[in-house]
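Everything on this sheet refers to the single structure shown next.
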C-alpha cells in the first residue's frame, strides 16, 4: 500500500520557518493509473492532459523516456529530456509539484489544478483600475482617443461575433477609398488609446477578431506609451478570445494603445480588427523552483522518498494557496511532450504567502508492508 | 498485520465495476481477487482482499521513474536472483506483460508462507510452470483498461494458473514481477502477498488472480 504525506511550510526570505501544515495526501487521480497501466502493459494509452485534450501516450517514446517524470527544472527552464525539438518542449513548471487557488474537492477524474498559480513574479497588492467604457457599451468612443492613418477608420459597431461582450464592439478597419486599387497599403493604421493607472494591473485581457477576408493583411498591436508590448498577425475571419498582455512592469499612469496596422496592400473596405471587453487584471504568480525527488529510505516495514518544491512570492501581493498537486510528463505518439495531473489535494484553510515569503511543499510517498 | 482472507462460501463472479473498494481515501494500492474454477467454468472458490505488501522494489522503481535517473545516476536494486542491478530510466521499467509460461514477468504464485517484509525480493517458493507434480500452467498476463468511478480509479492485471499436475496444489503466496532496465532487462518483485491458509487449486481446476491497482480519492 502506498500513501503520501503532504507538508506545507511557509518560510521568510531568510528561510526561517513561520508556519507548518501536515496532512495526508488523499488524491492520486486517474492519470497516474493511466501512466502506470502504460508501463505495466507496455501499451500506448490515451489519457487527458492538463489542457483537457486526450493524448495517446507512447509507451516507447522515441525522444527520451519522459513518461512518469516528475522531477523538473525551475520555472520557465526547459526540461532536458524533451528539448531536442521545440515541439517537445515543456517548461520546468509543467511537471512536478503545483500550487493553485482552487477549492473544489478533488475527484478521480481531475485532469488539472482547479485554479493553478502560474510561474512568475506578477501580482499587485491593490485593486486594479479599469478602463473607461471597456466594452464600448455607450455605443461610441467615450473615454477613448482614436487616430487613423491612410484608408483606415475607427467605428463602434454592433454586429454579432463569437466573443463579443454586450451589444457593441470597436472596429479598427479599412474604409472605402476612392481611386485606383489597392485601397490601402502597409503602414496604414487605426488605433484607440486611453490613459490608465497600471500600478495594480498585471495583465490586460481583451477579445479580438480578425475581420474579413483581407484581415491577414493586418497585424494587431498593443502599446504602452511608446513601447510595443504585444503583437499578433491576424488571420482572415478568425476569433482570438482572451488575448493576454503582461503589463506588470508598469506602474503609474500610462497611455495604452490598441492598434490595427496594415503590413501589406489591401483591396476592400471593413476588414481589419474588432476588439471588445478590454479588462484589467491582477494575476498573482509564484516563482517555481526545481522539483526534486530525494531521500529514498527504508526501515522495515516502511519505505519512503521525498518530492519537494519551493515557491517564492516575488510579487507585491499576498497569495493564498488552497490546492496542491503533482504533474508528470508524458510523450504522445506525435513525439510531443505533455503534462498530466497525477495528484491533487485541497488545503483547507488555505495558506497565505505574503510578499517576499517562500512556500515549501513536500510530498512523502510511503509504503508499509 | 497480515492480510485477512474473506472466504466466501456463496460462489459468484463479481464484475469489475462491482468490486468492493477495500482501500481508504488517499491510498494507492491493489485489491487482490482470487477465483478458482473447475473445468466446466464453475466457480469453486472466490476471495477478495486488500493486497498489503508493496515491497521495496516498488518504491525504488517509482523513484527511478519519477526522477528518470540517467545511467550515471542509476539506482542499485536487488533483482529476483538476489543480484544488485544498476537500474535507470527505461520504457521497459514496470513491464509485467509476461506471456504464457513466462516466469520472469507478471503475476507469480508460490507455496511460501513466511510473512512479507519490505526487503523481500523474490517469492519464497515459486511454483514452476508445467504439468508435472507441483507445477501450474502459467497463462499470459492480460490487462483491464484504466477506469474510474466517483471515488476510485483503477486498472487490472490478470493471470490464469491451470492445474494439470495430477494433484491438488495450495497457493500460499502471490507476487508481481516486473522489468527494470540497466541496459538489459532485469526482473524485480514489486508486490508479495501471503494468503492466510492458502487457496487450494484442485487438479483440473484453474486459479485466476486479479491485481486491481487502485487510487482512492
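The values are calculated or read from the model by the stated rules, or taken from the named source; none is laboratory data. Just so you know, these numbers come straight off a predicted model, no measurement behind them. Here Cβ is always computed from backbone atoms with ideal geometry, including for glycine, and neighbour counts include all displayed protein chains.
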Inset, instruction - Residues that are crowded, with 20+ Cβ neighbours inside 10 Å and within 14 Å of chain B (Cβ to nearest Cβ): find the strands (runs of 3 or more DSSP E) completely inside region A:269-369 holding 2 or more of those. - result: A:287-299, A:302-312, A:319-331, A:337-353, A:358-368
Legend entry - Filter result (within 9 Å of chain B (Cβ to nearest Cβ) and in a strand (DSSP E or B)) within region A:29-64: A:45, A:47
Legend entry - Any hit, region B:22-33, residues being within 11 Å of another protein chain (Cβ to nearest Cβ) and on the phi > 0 side of the Ramachandran plot: yes
Legend entry - Candidates A:226, A:162, A:184, A:212 - the one that is buried (at least 18 other Cβ atoms within 10 Å of the Cβ), over 21 Å from the mean Cα position of the chain (by Cα), at pLDDT below 95 and on the phi < 0 side of the Ramachandran plot: A:184
Inset, instruction - For residue A:26, indicate whether it is in contact with a helix residue (DSSP H, G or I) (Cβ under 7 Å, 6 or more places away or on another chain) and within 11 Å of chain B (Cβ to nearest Cβ). - result: no
Legend entry - Hits in region A:65-83 - residues which are part of a loop (DSSP other than H, G, I, E, B), at pLDDT below 90 and facing another protein chain (nearest Cβ under 8 Å): A:65, A:66
Legend entry - Residue check for residue B:190: crowded, with 19+ Cβ neighbours inside 10 Å and facing another protein chain (nearest Cβ under 9 Å): no
Legend entry - Given (1) modelled with pLDDT under 95; (2) surrounded by fewer than 20 Cβ atoms within 10 Å (Cβ to Cβ); (3) more than 30 Å from the chain's Cα centre (by Cα), number of the condition residue A:266 does not satisfy: (2)
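Conditions tested, residue by residue: (1) within 14 Å of chain A (Cβ to nearest Cβ); (2) part of a loop (DSSP other than H, G, I, E, B); (3) buried (at least 24 other Cβ atoms within 10 Å of the Cβ).
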site	(1), (2), (3)
B:145	yes, no, no
B:150	yes, yes, no
B:161	no, no, yes
B:170	no, no, no
B:196	no, no, no
Inset, instruction - Considering every residue within region B:75-96, establish whether at least one is more than 29 Å from residue A:71 (Cβ to Cβ), within 13 Å of chain A (Cβ to nearest Cβ), surrounded by 21 or more Cβ atoms within 10 Å (Cβ to Cβ) and in contact with a strand residue (DSSP E or B) (Cβ under 6 Å, 6 or more places away or on another chain). - result: no
Inset, instruction - Report yes if residue B:150 is closer than 29 Å to residue A:31 by Cβ, free of Cβ contacts under 8 Å to residues at least 40 places away in the same chain and in contact with a strand residue (DSSP E or B) (Cβ under 9 Å, 6 or more places away or on another chain), otherwise no. - result: no
Inset, instruction - Answer yes if at least one residue in region B:108-120 is more than 9 Å from chain A (Cβ to nearest Cβ), at pLDDT 95 or above and under 23 Å from residue A:33 (Cα atoms), and no otherwise. - result: yes
Legend entry - Hey, residue B:55 within 9 Å of another protein chain (Cβ to nearest Cβ) and either more than 17 Å from the chain's Cα centre (by Cα) or modelled with pLDDT of 95 or more (or both) or not: yes
